[in-house]
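So the structure is just underneath, and the comments pick up after that.
The values are calculated or read from the model by the stated rules, or taken from the named source; none is laboratory data. Remember, predicted model here, so these are calculated numbers, not experimental data. Reconstructed Cβ throughout: ideal geometry from the backbone, glycine too, with neighbour counts over all protein chains shown.
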Amino acid sequence: MKVIICGNYSELSIKAADIMEKLIRAKPAIVLGLATGSTPLGLYKELIKRNKEGIISFKKCRSFNLDEYVGLSSGDAQSYRYFMEKNLFDHIDIEKSNTFVPDGQASDIDAYCRWYEQKIQKAGGIDIQVLGLGGDGHIAFNEPGSAFDSRTRVQKLAPQTIEDNSRFFNSMDDVPRLAITMGIGTIMEARKILLLVSGAKKSLIVKKCLEAPVSEKYPASIIQKHPDAVVVLDREAASLLGGK
Ligand code: GLP
């Protein structure tokens, strides 16, 4: 695991974009694993800029998102499909038919989750998986206690996640209680992992996930065992690392 500490959020976003640019230029038909949340927004802005400047193209690439709320339609402004369209897909040259976000309205969710896993396999697996970090150490929506070999499935959201994510909804009651999420086993199969964390609020959970022993109590701690994981932090998120 490689840890890169940047001065601030803007530097973090540029560093993450540099890592992705290198891979996309080397393999135009790359399979991207994408994340939602506030943290990758700066990275997506950078990727849009570099796409518009002709530095990178997404024409041949495919993308798979980590998760989606159960029950929300793709047109719902709180859905992760909507988030991806507005914050990335609408602004780059990717073919929309090559972008996959779990379908929160699938009628047979278990069958759908199996299909999503197969779709990733058939695409040749994920080359680079972007991750954010939940306040309780979750990655995608794999809450504490999720098995390290878990696959794409429905996950009940932890109370802290419901509270953290309520900022995007009118009230806590509006936050869906269930989500479809790639499993930790699914995520760990990505050839490269790029975990981004910003802000002092996450400094303690960053320390627990990166420095404490690997444990299902802190889902992101499994990244310590990935053969090619890069963690990009800003100074605030890294402030408790290294015995501090
Ligand atoms: C949600 C997403 C996660 C994301 C997390 C942190 O729970 N399912 O994939 O990493 O939020 O979000 P933020 O970057 O806004 O702190």
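For Ile128, indicate whether it is within 28 Å of Glu21 (Cα to Cα), touching a strand residue (DSSP E or B) at 6+ places or on another chain (Cβ under 9 Å) and within 16 Å of the ligand (Cβ to nearest atom). Give the derivation first.
Values: within 28 Å of Glu21 (Cα to Cα): yes; touching a strand residue (DSSP E or B) at 6+ places or on another chain (Cβ under 9 Å): yes; within 16 Å of the ligand (Cβ to nearest atom): yes.
Judged against the criteria, Ile128 is a match.
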Among residues of the range 46-70 being within 14 Å of the ligand (Cβ to nearest atom) and over 12 Å from the mean Cα position of the chain (by Cα), the residue surrounded by the fewest Cβ atoms within 10 Å (Cβ to Cβ) is Val70
Just one listed residue, out of Gly104, Gly37, is modelled with pLDDT of 95 or more, in contact with a strand residue (DSSP E or B) (Cβ under 7 Å, 6 or more places away or on another chain), buried (at least 17 other Cβ atoms within 10 Å of the Cβ) and farther than 21 Å from Asp149 by Cα, and it is Gly104
**Item:** Test: residue in the range 73-95 that is hydroxyl-bearing (Ser, Thr, Tyr), over 29 Å from Pro227 (Cβ atoms), modelled with pLDDT of 95 or more and under 18 Å from the mean Cα position of the chain (by Cα)
**Value:** yes
- Does Phe141 fit the bill of being aromatic (Phe, Trp, Tyr), within 12 Å of the ligand (Cβ to nearest atom), surrounded by fewer than 17 Cβ atoms within 10 Å (Cβ to Cβ) and over 17 Å from Gln224 (Cβ atoms)? no
Residues of the range 89-109 being of a type outside the set (Ser, Thr, Tyr) and closer than 15 Å to Glu68 by Cβ, in sequence order, are Phe89, Phe100, Val101, Pro102, Asp103, Gly104, Gln105, Ala106, Ile109
Within the range 102-123, residues under 19 Å from the mean Cα position of the chain (by Cα) and in a loop (DSSP other than H, G, I, E, B) come out as Pro102, Asp103, Gly104, Ala123
For the range 163-180, pairs from a residue that is assigned to a helix (DSSP H, G or I) to a residue that is exposed (fewer than 13 other Cβ atoms within 10 Å of the Cβ), with Cβ under 7 Å and 6 or more apart or across chains, are Glu163/Met172; Ser166/Met172
When (1) more than 11 Å from the ligand (Cβ to nearest atom); (2) in contact with a helix residue (DSSP H, G or I) (Cβ under 8 Å, 6 or more places away or on another chain); (3) among the aliphatic types (A, V, I, L, M) are applied to Ala190, the one that fails is (2)
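Does the range 145-164 contain at least one residue that is under 30 Å from Lys49 (Cβ atoms) and within 16 Å of the ligand (Cβ to nearest atom)? Explain how you work it out, then say what you get.
Keep residues of the range 145-164 that are under 30 Å from Lys49 (Cβ atoms), which gives 164.
In the following step, the residues that additionally are within 16 Å of the ligand (Cβ to nearest atom) were identified as 164.
Within the range 145-164, one or more residues are under 30 Å from Lys49 (Cβ atoms) and within 16 Å of the ligand (Cβ to nearest atom).
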Inside the range 175-187, the number of residues satisfying the requirement of being more than 11 Å from the ligand (Cβ to nearest atom) and not charged (D, E, K, R) is 6
Check: Just wondering, is there one or more residues in the range 189-202 that are crowded, with 18+ Cβ neighbours inside 10 Å and without any contact (Cβ under 8 Å) to a residue 60 or more places away in the chain?
Finding: no
Log entry, pairs with first residue in the range 47-69 being touching a residue at least 60 places away in the same chain (Cβ under 8 Å) and closer than 19 Å to Val101 by Cα, second being of a type in the set (Ser, Thr, Tyr) and assigned to a helix (DSSP H, G or I), beta carbons closer than 6 Å, six or more apart or on different chains, reads Glu68/Tyr80
Within the range 209-244, the residues that are within 19 Å of the chain's Cα centre (by Cα), more than 14 Å from Gly145 (Cα to Cα), in a helix (DSSP H, G or I) and not β-branched (Val, Ile, Thr) are Leu210, Gln224, Lys225
